[in-house]
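Heads up, the thing below is written out as structure tokens.
The values are calculated or read from the model by the stated rules, or taken from the named source; none is laboratory data. Just so we're clear, the structure is a prediction, and the values are computed from it rather than from any experiment. Please note: Cβ atoms are built from the backbone with ideal geometry, for glycine as well, and neighbour counts cover all protein chains shown.
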């Protein structure tokens with residue numbers, strides 16, 4: 001499938017610091033989705049971005065879709081211990097629009 | 001409650017044995033998927049199905065088989081041909097065809113000894 005590169009792979013922050021993960025594609029994306037997986041849990045859908053330059057917010061989380069629709073980011077302001085987990089971006093690909101996931105960014109929040 | 005159910009949560013098998021992982025959904029979703037997750041890694045697509053009685057190979061289908069005889073069910077068999085079967089297996093479903101979000105089951109952690 002068509003890959004999406006996600007960086008960084010790991011991020012440790014002190015509680016209260018900000019956090020950002022980036023997702024990059026070599027091809028234009030029709031849309032991009034973001035998921036969160038808590039330790040030992042399963043991925044849970046957070047949001048879908050569709051429009052060029054789109055910015056969406058969910059409380060302390062800000063999601064952006066690049067103007068060229070080739071990259072996306074998730075920014076968390078003032079992290080809390082409840083933010084711990086792995087954040088994945090995912091893109092539809094193939095004739096059946098099956099989701100291809102990035103490798104994820106594992107966030108650790110130190111109290 | 002609507003949802004997607006995987007069973008069992010933990011599964012242990014001896015090397016050389018086939019094992020079938022269950023996935024059932026009552027969301028009336030057309031599309032269903034199987035992903036494999038290894039420690040510290042992303043999700044890799046094994047098989048997917050867009051409609052009943054039809055399924056396609058994903059990126060890492062070798063050593064796995066599936067069936068889709070009912071809309072609600074999409075079992076995955078890990079065969080003895082799979083060289084490194086120990087992993088976390090996630091089943092997902094979506095409305096399909098419209099780039100809608102995927103809903104995941106709780107996962108099955110398979111350990112082959």
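For this structure, a couple of remarks:
- If you go through region A:90-111 and pick out every residue that is at the interface with chain B (Cβ under 9 Å from one of its Cβ atoms), surrounded by fewer than 24 Cβ atoms within 10 Å (Cβ to Cβ) and within 19 Å of residue A:73 (Cα to Cα), you end up with 4.
- Tally, over region A:59-104, of residues that are farther than 27 Å from residue B:32 by Cβ and in a strand (DSSP E or B): 8
- Top-ranked residue of region B:40-49 - restricted to ones that are in contact with a strand residue (DSSP E or B) (Cβ under 8 Å, 6 or more places away or on another chain) and part of a loop (DSSP other than H, G, I, E, B), ranked as farthest from the other protein chains (Cβ to nearest Cβ): B:40
- Put simply, of B:37, B:25, B:106 the only residue that is surrounded by fewer than 18 Cβ atoms within 10 Å (Cβ to Cβ), within 14 Å of chain A (Cβ to nearest Cβ), under 13 Å from the mean Cα position of the chain (by Cα) and at pLDDT 95 or above is B:106.
- Condition broken by residue A:19, with the remaining ones in (1) loosely packed, with under 15 Cβ neighbours inside 10 Å; (2) in contact (Cβ under 8 Å) with a residue 24 or more places away in the chain; (3) away from every other protein chain (no Cβ under 14 Å) satisfied: (1)
- Selection from region B:56-103 of residues that are within 12 Å of another protein chain (Cβ to nearest Cβ) and on the phi > 0 side of the Ramachandran plot: B:96, B:97, B:99
- Extreme residue, nearest to the other protein chains (Cβ to nearest Cβ), among residues of region A:78-89 that are surrounded by 15 or more Cβ atoms within 10 Å (Cβ to Cβ) and more than 11 Å from the chain's Cα centre (by Cα): A:85
- When we screen A:29, A:61, A:74 for residues that are without any contact (Cβ under 8 Å) to a residue 40 or more places away in the chain and either away from chain B (no Cβ under 14 Å) or closer than 30 Å to residue B:3 by Cα (or both), the only hit is A:61.
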